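The values are calculated or read from the model by the stated rules, or taken from the named source; none is laboratory data. Values in this document were obtained by computation on a predicted structure and should not be read as measured data. In this analysis, Cβ positions are derived from the backbone assuming ideal geometry, glycine residues included, and neighbour counts consider all displayed protein chains.
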Amino acid sequence: MVHDLYILMITAGIVSLLFKLLKQPVVLGYIVAGILVGPHLFGEKLVEMENVETWGNIGVLFVLFCIGLEFRMKNLFESGKVALIGVSTIVGGMLLLGYGVGRFSLLDNMNSIFLAAMLCMSSTTIVMKAIDEAGLTKSRFVKGATSILIFEDIIAVVLLVLLSSIAVSNNFEGGELLEKVAILVITLAVWFVVGILIIPTFLRWVRPHLNDEILIILALGLCLGMVLTAEEAGFSSALGAFVMGMILAETKESHRIEHLMAPLKNVFAAIFFVSVGMMINPASLVTYWDSILFVALVIIVGMIVFGTLGCWWGGETMKDAMQTGFSFVQIGEFSFIIAALGSKLGVTDPAIYPIIVAASVLTTFLTPYIMKATIPCYNFLYNHASQKLRDKIDLREKEVEAAEKAAAETKEAEGPSTADKVRRAVRKTYFTKHVVDLFIKNMTENDQKNED
């Protein structure tokens, strides 16, 4: 195993350094490193695939745990209809489009469902990195885009659970699916409420004794404990890791845990992406080049159209809506995880995996250039639109500016907080009051720390 780890890490380090010098995403370097050490390129087995898969599975847990740590319930409540309508339009539209592409390509029902799930969401990591490198982190559209990505991450975890159930039963019935969704929602609600009531309170009690070493061990123990709980409940381990990350995100220790987890996440995430690359046969890329280009085109056009429409319908300006749509033109880590799940369960065509990974690499490479085209495309649309559409665009701009101004004024003259209103509403019941007080205290303590 040490030999395998050495080959993986030294290859990934050298190749990712080269990609960094070329100003390309490091994730692409990891995938290329996987192709280099994989069994297909040189015809030799440099590492044991079983060992790499084990480390890669651990990497998935750490990646999802850290994504959960970046999640804030407050962001969901503040995102409003932009995030809800935006994510519904993007995910719903891409699911239908992906399923249609699968059926058009003569894939069976199961393959088409998995393909649709692979194409329906963008990569949070790649989008935020592209926005940062483009110097757009302070732009108005970023808040809405971030909220949509948070919702997409939640939907992705739910899809993993549902796809596992569908693949195992090899059946897709609407009634059964609704039942599974209902059970999943109830289970998540119970886990989250109980977790918020217990874990932040426990961490407050032991905070004086928490050095970095004890905190990271405790956080990993809680994460793996929730992973086992999820597996025992019949759900995926990824769901457990993500939920525990969400719970710990509501504690004062969240940023500290996130900082301590970063090296572990980076190491195991690198191994996961290397394992993705190892499953790619370069010869298949030549064989399926037309399918790769077709899928990449579907991703780019679909994300631009549905992203722009969803954000526009959600109340954003046309420019902000287009900036969001043009930044979502790739698929990433969750698509790889879903593709790997289909391959592992043996329910997807072997050709789908290399096509999806290659399309992801291509769209990731093109993302910065497509983002730069946003403003020229917006100007072209505005200049060639009908007068009626231009009037709507101008009116929306004024409405959004007025809403921002009103929100700023309201914040200055803010009355009782939402937490205070909830407390008043439950004051008649002593037990309920104290439970809700504890829940609100645990939910808001992290935000109060950030404000201080």
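The number of residues in the stretch 272-290 being at pLDDT 80 or above, surrounded by fewer than 24 Cβ atoms within 10 Å (Cβ to Cβ) and β-branched (V, I, T) comes to 2.
Checking every residue in the stretch 85-105 against the condition of being assigned to a helix (DSSP H, G or I), in contact with a Phe, Trp or Tyr (Cβ under 8 Å, 6 or more places away or on another chain) and modelled with pLDDT under 90 gives zero matches. Scoring I214 on the criteria (1) in a helix (DSSP H, G or I); (2) closer than 22 Å to V60 by Cα leaves a single failure, condition (2).
P376 falls short on exactly one of the conditions (1) surrounded by 14 or more Cβ atoms within 10 Å (Cβ to Cβ); (2) modelled with pLDDT of 85 or more, and that condition is (1).
Per-residue answers, yes or no, for (1) modelled with pLDDT under 80; (2) surrounded by 10 or more Cβ atoms within 10 Å (Cβ to Cβ):
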| site | (1), (2) |
| --- | --- |
| T364 | no, yes |
| I370 | no, yes |
| S386 | no, no |
| V400 | no, yes |
| K405 | no, yes |
| G415 | yes, no |
| K433 | yes, yes |
| D437 | yes, yes |
| D447 | yes, yes |
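Right, A219: buried (at least 18 other Cβ atoms within 10 Å of the Cβ), touching a residue at least 12 places away in the same chain (Cβ under 8 Å) and touching a Cys at 6+ places or on another chain (Cβ under 6 Å) or not? Give the steps one after another, and end with the answer.
Details: buried (at least 18 other Cβ atoms within 10 Å of the Cβ): yes; touching a residue at least 12 places away in the same chain (Cβ under 8 Å): yes; touching a Cys at 6+ places or on another chain (Cβ under 6 Å): no.
Considered against the rule, which asks whether it is buried (at least 18 other Cβ atoms within 10 Å of the Cβ), touching a residue at least 12 places away in the same chain (Cβ under 8 Å) and touching a Cys at 6+ places or on another chain (Cβ under 6 Å), A219 comes out as no.
Of the residues making up the stretch 260-270, those that are surrounded by fewer than 24 Cβ atoms within 10 Å (Cβ to Cβ), closer than 19 Å to P25 by Cβ and aliphatic (A, V, I, L, M) are A262, V267, A269.
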